[in-house]
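Q: Before I ask anything, here is the structure I am working with.
The values are calculated or read from the model by the stated rules, or taken from the named source; none is laboratory data. Predicted, not measured: the structure shown is a model, and the values here were computed from it. Because the Cβ atoms are built from the backbone with ideal geometry, glycine has one as well, and the counts that use them run over all protein chains shown. Quick note on the areas: whole protein, heavy atoms, side chains included, nothing else; ligands and nucleic acids left out. Shrake-Rupley method; radii C 1.70, N 1.55, O 1.52, S 1.80 Å.
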Amino acid sequence: MIQKPRGTQDLFLNNSKEWNAVEEKFRKVLNLFNYGEIITPMFESKELFVRGVGDSSDIVSKEMYEFTDRKGREYVLRPEGTAPTVRALIENKLYIQENLPYKTFYIGPIFRYERPQAGRYRQFNQLGVETFGIDSISHDVELISLGQSFLRELKINKDVIVEMNYLISGNERKEYELELKKYLNSFNDLCSDCEIRIKKNVLRVLDCKIDGNKFTEAPKMTLFASQENKERLNKTLDQIKQLGFEAKINFNLVRGLDYYTGLVFEFKNIKTDQAIIAGGSYNSLVEELGGPDLPASGFAIGIERIMMLLSDQEIKVADEDELDLFIIPLSDDAQFLTNKLLLEARTANLKVDTNWNIKNLKAGFKSAERMKSKNIVIIGENSINSDIYAIKDQNSGETKEMKFKDIVKYLKGEK
Ligand code: ATP
Ligand code: MG
């Protein structure tokens with residue numbers, strides 16, 4: 001038997017239904033926040049991520065699905081959604097003044113060659129949000145409340161906490177990195193990735209999935225931040241709390257992608273300690289990729305991690321799947337009339353079905369029950385000859401008789 005690739009998923013029945021419902025809710029919330037969608041290719045030039053995400057990042061150094069096409073061009077299946085959005089912003093000149101601030105979202109699969117485990121796949125899906133041309137505390141607060149609004153829409157109201165930090169840059173960052181290296185020297189049992197990170201990008205040690213929680217006593221980045229930036233972080237936190245959301249500062253919070261500057265945040269599942277939503281501001285990326293100097297910020301939501309949380313909290317997002325009518329045809333003539341009724345009802349936006357394999361009444365009722373139908377009608381020789389059809393309301397158990405031409409009107413509540 002041929003199996004799916006490691007770290008991928010097949011979604012079907014209730015899972016695909018819930019999955020779509022999550023996506024639908026996301027679209028609904030993003031529409032309320034006045035964001036428009038951007039759709040970019042599933043593969044991009046490798047160079048985009050090497051330059052955008054940083055070649056010492058885990059993503060670029062070991063997680064990309066790379067291939068060369070027949071002309072020898074180097075492509076990768078997109079390992080994240082921000083760099084492609086920025087590429088599209090620049091290539092299509094979306095940054096012109098009349099489009100700013102440009103607020104956009106994307107939905108789609110992301111590919112990373114990771115070690116698969118719970119909540120970690122090689123093909124997973126992100127709901128992403130990016131904004132260009134705004135840099136303010138109020139905007140940061142609005143962005144985080146967007147994430148919160150989405151979780152509220154899904155009725156997720158526990159086990160998630162927002163953690164935030166402020167990434168310093170320039171000389172402040174250099175001073176901090178020296179201090180951090182000194183601190184890390186006292187450990188002699190760090191994982192091999194951390195040993196490399198200490199040399200290449202020491203901040204990322206704090207984000208290590210293996211050793212990360214050993215560093216509770218690490219020097220705090222904000223101690224090296226300017227007064228202004230410290231105040232900015234505290235103000236943001238304060239306003240988020242005032243809006244009624246739970247949040248706290250985590251001085252060790254850093255992100256695995258190089259492009260972040262300033263505010264970074266994560267919505268964490270406190271039970272699994274995994275991030276569900278992660279983002280922040282990335283004020284240099286647009287310019288670094290060849291565009292204008294434009295502040296930017298955004299976040300990405302992992303749909304699979306949302307699905308885990310929903311199933312853990314036994315929350316159903318999709319509507320109950322009920323038929324308006326199930327038809328039981330008991331003869332050849334009845335089958336034709338059934339098709340006629342199905343078409344008429346579906347044209348009137350009713351959800352109706354039958355089962356062409358049904359041979360008798362018993363099988364018909366069984367099918368109707370399995371499909372959870374609100375109403376049932378039996379079409380047999382008697383009803384055809386008399387043009388009297390009995391519609392059974394499955395909730396009340398009552399039966400109503402009517403002519404064939406009145407069935408759809410009755411189901412629509414018009415008669
Ligand atoms: P993690 O720290 O869990 O590895 P990350 O820092 O790599 O996450 P981002 O690149 O910021 O995450 O991606 C944003 C979101 O995408 C994460 O918060 C998570 O919900 C989801 N995500 C990231 N990697 C995976 C994966 N391999 N499988 C499923 N979801 C993922
Ligand atoms: Mg990761």
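Q: Here is a list of conditions, (1) closer than 30 Å to E231 by Cα; (2) assigned to a strand (DSSP E or B), and Q148 meets all of them except one; can you say which number that is?
A: All conditions pass for Q148, except number (2).
Q: Tell me which helices (runs of 4 or more DSSP H) are completely within region 246-349 and hold 2 or more residues being within 30 Å of K214 (Cβ to Cβ), or say none if there are none.
A: Working: elements: 285-288, 303-312, 332-347.
Counting at least 2 such residues, we get 303-312.
Q: While we're here: Please name all residue pairs, on different chains or six or more residues apart, with Cβ atoms under 6 Å, provided the first residue is in region 177-206 and is free of Cβ contacts under 8 Å to residues at least 60 places away in the same chain and the second residue is in a loop (DSSP other than H, G, I, E, B) and charged (D, E, K, R).
A: Sorted first by the residue in region 177-206, then by its partner, the pairs are L190/D211; C191/D211; C194/D211.
Q: Has region 269-285 got any residue that is more than 16 Å from ligand 2 (Cβ to nearest atom), at pLDDT below 90, more than 17 Å from G147 (Cβ to Cβ) and among the hydroxyl-bearing types (S, T, Y)? Reasoning before the result, please.
A: So the first thing to find is which residues in region 269-285 are more than 16 Å from ligand 2 (Cβ to nearest atom), and the list is 270-271, 281-285.
Subsequent filtering for residues that are at pLDDT below 90 retains none.
So far as region 269-285 goes, no, none of its residues is more than 16 Å from ligand 2 (Cβ to nearest atom), at pLDDT below 90, more than 17 Å from G147 (Cβ to Cβ) and among the hydroxyl-bearing types (S, T, Y).
Q: In region 98-111, which residues are within 8 Å of ligand 1 (Cβ to nearest atom) and open to solvent by 40 Å² or more (accessible area, probe 1.4 Å)? Can you show your working first?
A: Here is the first cut: in region 98-111, the ones within 8 Å of ligand 1 (Cβ to nearest atom) are 110.
None; the set is empty.
Q: Tell me the strands (runs of 3 or more DSSP E) entirely within region 16-112 that contain at least 3 residues that are outside the structural domain of T131 (by TED's automatic domain parsing) and touching a Phe, Trp or Tyr at 6+ places or on another chain (Cβ under 6 Å). Talk me through it step by step, then tell me what you get.
A: Details: elements: 43-45, 66-68, 74-77, 102-111.
Hits in region 16-112: none.
Q: Another question, then. Any residue at all in region 285-308 that is touching a Ser or Thr at 6+ places or on another chain (Cβ under 8 Å), touching a residue at least 60 places away in the same chain (Cβ under 8 Å), of a type in the set (D, E) and at negative phi?
A: No: region 285-308 contains no residue that is touching a Ser or Thr at 6+ places or on another chain (Cβ under 8 Å), touching a residue at least 60 places away in the same chain (Cβ under 8 Å), of a type in the set (D, E) and at negative phi.
Q: Looking for something outside any helix (DSSP H, G or I) and touching a Lys or Arg at 6+ places or on another chain (Cβ under 7 Å) - is there at least one such residue anywhere in region 365-375?
A: Quick first cut of region 365-375, residues outside any helix (DSSP H, G or I) only: 371-375.
Cutting the leftovers down to touching a Lys or Arg at 6+ places or on another chain (Cβ under 7 Å) gives us 375.
Checking region 365-375: at least one residue is outside any helix (DSSP H, G or I) and touching a Lys or Arg at 6+ places or on another chain (Cβ under 7 Å).
Q: State which residue pairs qualify: first residue closer than 12 Å to T82 by Cα and of a type in the set (F, W, Y) and inside region 38-58, second residue within 16 Å of ligand 1 (Cβ to nearest atom) and part of a loop (DSSP other than H, G, I, E, B) in any location, beta carbons under 7 Å apart, and separation of 6 or more residues or different chains.
A: Cβ pairs passing all conditions: F49/M64; F49/P79.
Q: I've got another one for you. Can you say whether N357 is farther than 14 Å from F326 by Cα and within 44 Å of the chain's Cα centre (by Cα), as far as the supplied structure shows?
A: On the way: farther than 14 Å from F326 by Cα: no; within 44 Å of the chain's Cα centre (by Cα): yes.
So N357 does not fit the description; no.
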